[in-house]
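Report on the structure given below.
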Amino acid sequence: MFGFFETLVDPFARYPQQDRPPSRLFPFLAQFIGSFRRVIVAAVLFKAAVAFGDVAIVWYVGRVVDYLSTSTPDGFWPTHGTEVALVAAAILILRPLVGFVDVALLHNAIFPNLATQVRWRAHRHVLRQPVGWFENDFAGRIANRVMQTPPAVGEVVFQGLDAVTFAVSTLIGAMVMLADADRMLLVPLAVWVLLYLALMRWTVRRAAPASEASSHARSVITGRVVDSYTNIHAVKMFAHHDGEIRYAHEAIADARAAMMREMRIITTMDVTLTALNGLLIVSVAALALWLWSVGATTVGAVAATTALVLRLNNLTYWIMWATTNLVQSLGVVVEGMATIAQPVTLLDAPGARPLDLRAGRIELCALDHRYGRRTGGLGPVDLVIEPGQKVGLVGRSGAGKTTLVKLILRFYDPDGGRILIDGQDIAHVTQDSLRRAIGMVQQDSALLHRSVRDNILYGRPEATEAEMIEAARRAEAHDFILALEDGEGRRGYDAQVGERGVKLSGGQRQRIALARVILKDAPILVLDEATSALDSEVEAAIQQTLYGMMQGKTVIAIAHRLSTIAQMDRIVVLDQGQVIEDGSHDALLARGGVYARLWSRQSGGFLGDGAE
């Protein structure tokens, strides 16, 4: 039974991805609600049926009171018994059945599937964002918005169906019932409705921005807390425990202030609503009694009218709270849209084809990138790397080495110029095919919080177990991997490495990252300080592995230790984003220029930031 409702909508169904999601609230919500249209219509109808049924019960109680006032005990059952029995049967059988469908549509068909759909699509959209987009925000805040927005969207739809539909249906039923008793009873109800709507409008206009501010404040807390936890080693190393507490205290205090402003609105609304409901009860009951006293209505009508306004009294609190929750949820959605509704700015060109990599020739033509600034960055650079050539990139920190590599990987689009691989502009090939053709080992090789096996297979998921182990052996990682054991007793390749690989030493992380790239076996290889985290003995062994990896590949190697790239075919020296020298190690030494000075000034083979 539950399975029927739970499978009415598939939250993972295929859908047209949007590079620019709607930036306004209701179009943003509509893109998710569309696939639930039929279920929502059914939910509205059954919710209305439940509301009308509840009003009908109150109306029938008044009818029974009239029967009792005009009948004797001996004559009541023969005259009205069959009718009362049928109504009782409807209350015992039909009402629970309609109620079950009503609740199942909301709780089993809509709410879990809608939240799942929003979270799934939001995560897919965020993952399509370029690297630079993630570098401009806290990972914790991004994750928080991806997690909190989906249930908020579900809450908006849930409250809209559960509260608004029920309230409107109940109000319509109440108006019909009061008009049936006497149309004069509609006057106090109409006055109360106008005042109630005015109060609701006042509340919504103030609660929406207050809720958005509270949601933003909670995201700030999450970002700061996650930042502290992620960098716990630095926190402890520099003894900044108290500083982190103060940093979090500021955000928590701001969230408290935002919540207090929100709660003041809620308290004002609650007190005002109590006064309005008191006015409704007294005015309707008094008018009904007066109508009875002049013979204009019956005792049953008075009883039903009084019961109805008492029910409306209880219902209004729920409706107001539900409306407030709805508005608060809308505030959360609006705040989340600041992240999950941002357009994807780095896209495959229309008609982009997979990279047809034949030899691995890389050509940089007037390449320029400034990160939106007038100075710094890279360029213009003209450089050709022939197929199979091994090129070392040298330069001080900030010279543009890493920027050049990121542009080749198309993590950013250049401000000017082009990058060609085998004659194909990388701006016109698919990003995935480009990056599959490039293997990269970075200085800070962060690992996924998964098993060692998962991390190595990330390079080539379809690889066999034997191929994975061979890659680990070549990276001098197999022996230490076999000795690993995590906190839950998983050993070897099944052991979890922790967030960003924190359970491993820097050298162990680097060797697993090397194994991943070895397994990938891409035709273009980029090494960004690939052996910087290794001790001398392991580095010597790894260097031999790296030289073996380089055979037949086009290689770009960034290094501060010039001894690690002295055997490259060419060495390119960058300074302030420009290529200032280009040649072999021996040729550059013989020239006596910048590279020669860097070589002579090294201490232990390391190029410091202050070198000229």
Q: Run through every distinct alpha carbon pair of the chain and return the Kirkwood hydrodynamic radius in angstroms, one decimal place.
A: 30.2
Q | Nonlocal amide H pairs with LYS390, under 5 Å, H built at 1.01 Å | A | VAL555, ASP569, ARG570
Q: Could you tally the net charge around ALA359, taking each other residue with its Cβ under 9 Å from the Cβ of ALA359, Lys/Arg +1 and Asp/Glu -1?
A: 0
Q: Would you grab the residues whose amide H sits under 5 Å from the one on LEU409? Only those 5+ places off in sequence or on another chain, please, with H modelled 1.01 Å from N.
A: none
Q: Calculate how many DSSP beta bridges within the chain are antiparallel, expressed in % of all such bridges and rounded to the nearest 5.
A: 55
Q: Please work out how much length the chain gains when fully extended from ARG591 to VAL271, using 0.36 nm per residue of separation minus the C-alpha to C-alpha distance, in nm with one decimal.
A: 106.6 nm
Q.
Expected output is a single nm value to one decimal: the length gained when fully extending between VAL103 and LEU45, i.e. 0.36 nm times separation in residues minus the C-alpha distance. What is it?
A. 19.7 nm
Q | Dipole magnitude (debye, nearest 20) for region 1-157, charges at Cβ of Lys, Arg, Asp, Glu | A | 880
Q | Net charge contributed by nearby residues that have their C-beta within less than 13 Å of VAL157 (K/R +1, D/E -1) | A | 0
Q) Applying the Karplus parametrisation 6.51 cos²θ - 1.76 cosθ + 1.60 with θ = phi - 60° to the phi angles of region 504-517, what ³J(HN,Hα) value in whole Hz is obtained for each residue in order, glycine and proline being reported as x? A) 10, 6, x, x, 5, 4, 5, 6, 5, 5, 5, 4, 4, 6
Q: For region 33-120, evaluate the Debye formula with one uniform point scatterer on each Cα (no solvent term) and list log10 I(q)/I(0) at q = 0.16, 0.20, 0.24 Å⁻¹, rounded to two decimals.
A: -0.73, -0.93, -1.12
**Q.** Contour minus Cα-Cα distance for PHE26 and ASP444 (0.36 nm per residue)
**A.** 146.2 nm
Q. With labels modelled as points extended 7 Å from the Cα through the Cβ direction, what inter-label distance (nm, one decimal) is found for ALA13 paired with SER71?
A. 5.1
(Q) Highest mean first, how do 148-154, 186-192 rank when packing is the count of other Cβ atoms within 10 Å averaged over residues? (A) 148-154, 186-192
Q: For region 72-81, just list the computed ³J(HN,Hα) in residue order, Karplus coefficients 6.51, -1.76 and 1.60, θ = phi - 60°, integers in Hz, with x standing in for Gly and Pro.
A: 8, x, 6, x, 5, 5, x, 7, 10, x
**Q.** Phi to ³J(HN,Hα) by Karplus 6.51 cos²θ - 1.76 cosθ + 1.60 over region 312-322, Hz, x for Gly, Pro
**A.** 4, 4, 5, 5, 4, 4, 5, 5, 5, 5, 5
(Q) Per residue, how large is the accessible surface of the chain? Use a 1.4 angstrom probe and give square angstrom. (A) 49
Q: First compute the accessible area of region 215-315 with a 1.4 Å probe, then give the percent of it belonging to carbon and sulfur atoms.
A: 67
Q) Say each of PHE4 and ALA139 gets a label point 7 Å from the Cα, pointing the same way as Cα to Cβ; how far apart are those two points in nm? A) 4.6
Q: Would you rank MET263, MET200 by solvent-accessible area, highest first, keeping every protein chain in place and using a 1.4 Å probe?
A: MET263, MET200
Q. Between exposed trypsin sites (Lys or Arg not before Pro) in the chain, where DSSP calls loop and at most 11 other Cβ atoms lie within 10 Å, what's the longest gap?
A. 25-372
Q | Which listed pairs, of LYS401/LYS503; LYS503/LYS553; LYS236/LYS401; LYS236/LYS406; LYS406/LYS503; LYS401/LYS553, have C-alpha distances above 22 Å, in listed order | A | LYS401/LYS503; LYS503/LYS553; LYS236/LYS401; LYS236/LYS406; LYS406/LYS503
Q: Evaluate the charge dipole of the chain about its Cα centre and quote only its size in Debye, nearest 20, assuming +1 on the Cβ of each Lys and Arg and -1 on the Cβ of each Asp and Glu.
A: 780
**Q.** Pairwise centroid distance, computed over Cα atoms, of region 476-505 with region 378-447, Å
**A.** 32
Q | Placed amide H near ASP575: partners under 5 Å, 5+ positions off or other chain | A | ILE580
(Q) Using a 7 Å offset from the Cα along the Cα-to-Cβ direction at both SER563 and LEU482, what is the distance between the two label points in nm, to one decimal? (A) 3.1
Q: Could you pull the accessible area for ILE571 with a 1.4 Å probe, rounded to 10 Å²?
A: 0
Q. What net charge do the residues around VAL98 carry, taking every other residue with its C-beta under 14 Å from that of VAL98, with Lys and Arg at +1 and Asp and Glu at -1?
A. 0
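The values are calculated or read from the model by the stated rules, or taken from the named source; none is laboratory data. Because the structure is a prediction, the values reported are computed rather than measured. Please note: Cβ atoms are built from the backbone with ideal geometry, for glycine as well, and neighbour counts cover all protein chains shown. Ligands, DNA and RNA are excluded from the accessible area calculation, which covers all protein heavy atoms including side chains. Shrake-Rupley method; radii C 1.70, N 1.55, O 1.52, S 1.80 Å.
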